[in-house]
Structure formats: C-alpha cells, structure tokens
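To start, the structure itself, in structure tokens.
What follows is calculated from the coordinates using simple rules that are stated; it is not laboratory data. Remember, it's a predicted structure, so these values are computed and weren't measured experimentally. Note that we place each Cβ from the backbone using ideal geometry, even for glycine, and neighbour counts take in every protein chain shown.
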Amino acid sequence: MVSAQISQPTGKPIHNHVLLPLQHPNVISLDDVDLDFSDIFGPAQVFSSENVAVSETNGFIYEEPAVIYSRSHSFVGPTNYVSQSLKLSKLTPCENEHLLELVEGDSGETKDLLEEATLETVVTGKSEVHADVSIPRSVGLDDFEVLKVVGKGAFAKVYQVRKIGTSEILAMKVMRKDKILEKDHAEYMKTERDVLTKIDHPFVVRLRYSFQTKHRLYLVLDFVNGGHLFFQLHRQGLFREDLARIYTAEIVSAVSHLHSNGIMHRDLKPENILLDADGHVLLTDFGLAKQFDENTRSNSLCGTIEYMAPEIVLGKGHDKVADWWSVGVLLYEMLTGKPPFVGGHRQKVQQKIIKDKIKLPAFLSSDAHSLLKGLLHKEASKRLGSGIRGCEEIKCHKWFRSLNWKKLEAREIQPSFCPQVSGKLCVANFEEQWTSMPLLDSPAASPKSGENPFKGFSYVRPTVEE
C-alpha cells in the first residue's frame, strides 16, 4: 500500500496532447474548508480564489474543480463512518515518522537491518532464508542485488533489484512481519501473495517470486518504470478524454478479470496503478484485496478515504460493486485533476461521499457525464456494473463505443502518451524522495529462529523456474 506525495512541479515541459483543457480550468476557492488534516492528506495547497460559474442539472452540479496533489493513505479500520473510535492519529503516524528518520539515515529500522547484516556476516557468512517446511528453497536474498529504493508505504518498502547472473530488473516489495502482526494484518499480506499467484492478465503486474526471512516477507514482481498514474497525472495536469478512455478501459478490463476470478481489489487509486514503458496501465498492490463468492459481503472499513464507496463508509456491507465506484473516482480524477470528494478531516470527507452531489465539469462530453453518473451512483444496487450483465454494462457504455475491446486486451491499442523511460534501469518516473534514499536500510537476511507464522508463502512463477 504505497502512498504518494508529489513534490512541486520541476518545470518539465507540458505535453499538449495529454492535457484537457489546454488552459487550466479555474480553481475553486477552499476558504470554507477546514484544512487541519496534514497528518493524513499532506500539507494543504495554496489555491487561487476566483469566481466559478456553477449550475445544477438532474441532481448533479457542473463546475470546474481544482487539482489536488496529495491525499490520504490506504488503511483498514474496524469501524465505519457512524463510529468515531478510529482516530486520525492511529492511521499512519509511524509511517510518516519513519520516512523522515530513514531519509536522515537514523531510524530504528536501519539499526535493525544493520544488526541483521552483522549477524549475517559473523554467524552465517551468507543469506539464510527461513524456508517453508513443505516448499524447498528456490530463491532468496542471495539471488538479488539491490539497486534503488522506489517506493514506501505503511507496511512495505519497494526496491529496484537485479537478479544476480541475469540482466533481469525486478521490483522487490519488502514487508516487516513485526509491523504486520502488530496491526493484525497477516491475512491481508497472505491474501496479496495468493491473489498474485492466481492472476495472469496484461494489465495486472506479475508476481515472479515470493519468499521470507525470519523478520520479513518478500514479493518480487516485474519492475514497471513508467511511474504511478498519480505521478504522471500530477506532471501532466489533466488527461484528455481519448487518453483517459484507454486508461479507464484497461483498468476496467483488469478489474473485470479480478472479479471473474473471485477477487475484489478494494484499494483502486492512482498510486496503485503503474504505467509501463509503452504507456499501458498495470494494477498493483493487492494488500487489501479479498477473495469472495457471489454471496460474500464484507463489513470492513478499508481502502483510501477519497476512493471509498458509500456502502463501505456506512458499514452496510459491500461486495465487488464497490470497485466500480473506485473506477468512477479514478476516471473523474483523470478528467478533472482531483477526486470528486475531498477537503476537510476524515469524517468530513466521509460525509461528502454519503451526502454530497457529484460536481461534473461542463467541459466534459455528455457521454463522459453519463458514465460518471453510472459509476458514481451512491446506491450500489443501481450502480453501473451491478446488474446481471456485470462488467459488460460498463464495456458497452457509449463512452467506449469507439474501442475494440479484443484489440485493447491484446495490447494492440497504443495510448497517445508514453512515459519518458531511458532503459530498464531508469527510475526517473519515481519520486526523488524515494530514489535518493540511502541503501543502508536495504533488505538483509535474518537467521532462522522461532516459529514461522507465514507457512506456504514461498512461490516461484512456473515460467521463470530454473
């Protein structure tokens, strides 16, 4: 669950074929918003104050919204909107403090890793993987060279690594067991591994290996270096409808495949969508995913606040249809620069999700308005994709009429935008706050001791087995 906070624009030239509109829309004044939420949403942005024409039609408000550059983190909570027992200070304070300490190279985690490295050198002289009892050791830390830090989240850090003896560049997601068990999230981490072993889709990142040491879990995935969708969205401003159409269609295709395999993602947001070097999207981060059958309803309060469906916020029980709400929020953000409901503390955002009308920019096409209304219907049973035809209701919507879905899923439709990638090692599309982090806290092996609480975690993708 990697979060993103984007630094200020670096002056990179803007690509006109990506932007919509060419002139940035007027920015709404947020003078009436209580911006005391920096611990969750990041520092408040300074907005200009201009008059914006607003009209209301058929229950939807039409205006030109502001661009938002930071947002809250993914979380799992035991309560819903009605209960106030989950305090803001309990969501991600350790993550933010850890990030500062790690950047300074003086954190408890760094000390832990250095101690492990000392044990590795003095006691064993090599990496020693805490292997599953029933599964022989296939890969371990000895098989990878750590190159760069490329991401960090509440329970994990992501590294760019090279598989030793090959030219393969991969991504290694490292999760601390103590942090996972402290939050009682072991089942979420095991589910992420299980989901990734089951899914093979052109728009979902592939798991190559998984293994563990005494203190950490490791997922090794394809390295996708076009950056997070959020990173590119911030760089480019707004996406034109023709580009957003391809991205949305690829996301719909991936989510449909998940649902057909009994999996709901539950944390769809731009930070969990990567772009490859060809400009295609890849869904990643299945830490909050849930396996389900058609009668399954979950009552967990989980996800990222701005992308939560109303039924999740209310704790009424949710199913896979909640993912289609998140797809609607993603589309809205690609076309306007921000999610439809933002601003204020957590409860205020939740109130907006439940009660407020969607503000639809007038510069969008009528077909885009129609699709957004369908996906962002507050009543789950009336939401587009909830009917008997499921995802076909979305794929057959008139906004997608120009798309050939078979060609799309064969990756034969090329997006009009490609990230600037200078080779397999390129990390230019990842935040410098991550890539500049020292590798003192890179993954280190741990000696075996005690009981293994994650049996069955090891995995080697059959196509890469040596």
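Given points 7 Å out from each Cα along the Cα-Cβ axis, report the Phe292 to Ala428 separation in nanometres with one decimal.
It works out to 4.1 nm between the two label points.
Just how many % of Cα pairs in the stretch 241-398 lie over 19 Å apart, if you round to the nearest whole percent?
Percent of Cα pairs beyond 19 Å in the stretch 241-398: 50.
Run the quick spin-label model on Lys183 and Gln351: label points 7 Å from Cα toward the beta carbon, then report their separation in nm to one decimal.
About 2.7 nm separates the two model spin labels.
Could you pull the Cα extents of the stretch 359-442 along its three principal axes, largest to smallest, in whole Å?
52, 31, 31
If you average the sequence gap of Cα pairs under 8 Å that are 6 or more apart and divide by the length of the stretch 228-410, what percent do you get for the contact order?
Value for the stretch 228-410: 22 percent.
How would you order 415-428, 259-272 from highest to lowest mean count of nearby Cβ atoms within 10 Å?
Sorting 415-428, 259-272 by mean packing, highest first, produces 259-272, 415-428.
Spelling out what I want: for every residue of the stretch 336-341, take phi, set θ = phi - 60°, compute 6.51 cos²θ - 1.76 cosθ + 1.60 (Karplus), and round to whole Hz; glycine and proline get x.
10, x, 7, x, x, 10
Exceeding 29 Å between C-alpha atoms, which entries from my cross-link table qualify? They are Lys395/Lys455; Lys316/Lys398; Lys357/Lys395.
Checking Cα-Cα distances, Lys395/Lys455; Lys316/Lys398 exceed 29 Å.
Find how much the distance from Cys396 to Phe363 grows on full extension, using 0.36 nm per residue of separation minus their present alpha carbon separation; answer in nm with one decimal.
Computed gain between Cys396 and Phe363 is 9.6 nm.
For Leu403 and Leu439 in the same chain, what is the full-extension length gain: residue separation times 0.36 nm, less their Cα-Cα distance, in nm?
Once the chain is fully extended between Leu403 and Leu439, it gains 8.5 nm.
If a paramagnetic tag sat 7 Å from the Cα of Glu379 along the Cα-Cβ line, which residues of the stretch 282-320 would have the backbone N under 15 Å from that point?
Zone members listed by number: 310-311.
Please work out how much length the chain gains when fully extended from Asn299 to Asp142, using 0.36 nm per residue of separation minus the C-alpha to C-alpha distance, in nm with one decimal.
Length gained between Asn299 and Asp142: 52.4 nm.
What ranking do 343-356, 278-291 get when scored by the average of other Cβ atoms within 10 Å per residue, highest first?
Averaged packing, sorted descending, gives the order 278-291, 343-356.
Pairs Lys338/Lys373; Lys198/Lys290; Lys214/Lys290; Lys290/Lys359; Lys173/Lys338: which exceed 22 Å Cα-Cα?
From Lys338/Lys373; Lys198/Lys290; Lys214/Lys290; Lys290/Lys359; Lys173/Lys338, over 22 Å: Lys214/Lys290; Lys290/Lys359; Lys173/Lys338.
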